[in-house]
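Asks: Here you go, one structure.
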Amino acid sequence: MPNTVITTREEPIATVQINRPDVLNALNEEVLDELVKELTKLDDDDAIRCIVLTGNERAFAAGADIKETFVTATPVSMLKQDLTTRWEAIRRIRTPIVAAVSGYALGGGCELAMICDIIVASETAQFGQPEINLGIIPGAGGTQRLTRTVGKYRANELILTGRRVKADEAKAIGLAAQVYPAASWLDDAKALARTIAEKPPVAARLATEAVDLAWNSTLDAGLEFERKAFYLLFATEDKKEGVDAFVNKRKATFKGK
Ligand code: DAK
């Protein structure tokens, strides 16, 4: 059996690829387990400073595996499985994650991309929350994260119709940060990851944590966290290095300390 998740290290970045091409990278338990395992391992590895999460040209992920997961599921079976644990574990990864989306990012696939810190899209990307067509609603954060990203009225339009959004529209509504050519999307996403990997990693982690708080807390609590994180960074060697490099007109080299 081929691995359902393939990790490629190109220090200081790593690429984690969902690999179930026959079912458009539908997310089953095995994929989610593997994703948690691989991402956690990379998050613990100081040599890796940015992660690219991706699928293949045809699909980032077409959502939960409908055939494996939803045909026999009952409320009780889903409650017992504690489905959110793996998604929460992915959300808690602090190494910046770039979701590189080509093809379909639907349902749980779109929700997985939205857990990441940055979404970039190939020209071929299509995002959507089509759960309504199955008689259900998004269940891994779609109603919340999509709404916080694109606003109530557009979120409702997308969630109630199941309409798919192409790359340019995804960028226009703030879902995708960049749209890359179909011929180079993954290389372009890796180049972005390398740029991020050159930055001071402790500052990068605290920055994404602070940005996440803008979603999850009040303005006051977010500002408080930001202020403390800002002060904390003055204790790092990387802050000394960054400021010294600026003053002495040289390129900074950050150590993550
Ligand atoms: N699950 C299982 N198999 C899938 C799949 C999926 N989501 N999407 C595609 N496939 C399979 C197809 O069945 C087909 O398999 P074979 O028939 O060849 O065996 C193969 O992939 C190729 O698909 P198509 O032949 O359909 O390809 P097309 O290009 O014609 O269409 C499509 C592509 C993406 C438009 C279409 O496949 C499609 O509509 N797929 C379903 C998309 C969808 O509805 N996704 C949302 C699923 S619900 C939660 C966590 C997660 C979730 C909920 C809760 N908790 C933590 C509580 C997530 C929910 C969802 O994602």
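The values are calculated or read from the model by the stated rules, or taken from the named source; none is laboratory data. Keep in mind it's a predicted model, so treat the numbers as computed, not measured. FYI the Cβ positions are ideal-geometry reconstructions off the backbone, even for glycines, and counts take in every protein chain you see.
Asks: As an exercise: evaluate Val16 against (1) farther than 21 Å from Gln81 by Cα; (2) within 16 Å of the ligand (Cβ to nearest atom) and give the number of the one condition it does not meet.
Replies: That leaves (2) as the condition not met.
Asks: Further, regarding this structure: Any idea which of Asp46, Asp82, Asp22 is under 25 Å from Lys190 (Cβ atoms), more than 14 Å from the chain's Cα centre (by Cα) and of a type in the set (Asp, Glu)?
Replies: Asp46
Asks: Determine if the stretch 101-115 includes at least one residue that is surrounded by fewer than 16 Cβ atoms within 10 Å (Cβ to Cβ) and either more than 8 Å from the ligand (Cβ to nearest atom) or part of a helix (DSSP H, G or I) (or both).
Replies: Among the residues of the stretch 101-115, not one is surrounded by fewer than 16 Cβ atoms within 10 Å (Cβ to Cβ) and either more than 8 Å from the ligand (Cβ to nearest atom) or part of a helix (DSSP H, G or I) (or both), which makes the answer no.
Asks: Does Thr95 satisfy the condition of being without any contact (Cβ under 8 Å) to a residue 40 or more places away in the chain, part of a loop (DSSP other than H, G, I, E, B), more than 9 Å from the ligand (Cβ to nearest atom) and not small (Gly, Ala, Ser)?
Replies: Taking the combined requirement at face value, the residue does not satisfy it.
Asks: On to the next question. Which fully enclosed helices (runs of 4 or more DSSP H) of the stretch 117-212 have 3 or more residues being under 27 Å from Asp46 (Cα atoms) and either hydrophobic (A, V, I, L, M, F, W, C) or away from the ligand (no atom under 16 Å from the Cβ) (or both)?
Replies: 185-197
Asks: So for the stretch 75-86 (the condition being surrounded by fewer than 22 Cβ atoms within 10 Å (Cβ to Cβ), of a type in the set (Val, Ile, Thr) and either within 12 Å of the ligand (Cβ to nearest atom) or assigned to a strand (DSSP E or B) (or both)), does at least one residue qualify?
Replies: Checked against the condition, which is being surrounded by fewer than 22 Cβ atoms within 10 Å (Cβ to Cβ), of a type in the set (Val, Ile, Thr) and either within 12 Å of the ligand (Cβ to nearest atom) or assigned to a strand (DSSP E or B) (or both), the stretch 75-86 yields at least one hit.
Asks: Considering only the stretch 43-57, how many residues are surrounded by 21 or more Cβ atoms within 10 Å (Cβ to Cβ) and farther than 18 Å from Thr195 by Cα?
Replies: Going through the stretch 43-57 one residue at a time, the tally reaches 1.
Asks: Let me ask something else about it. Name, by its number, the condition in (1) within 16 Å of the ligand (Cβ to nearest atom); (2) modelled with pLDDT of 95 or more; (3) surrounded by 16 or more Cβ atoms within 10 Å (Cβ to Cβ) that does not hold for Asp33.
Replies: (3)
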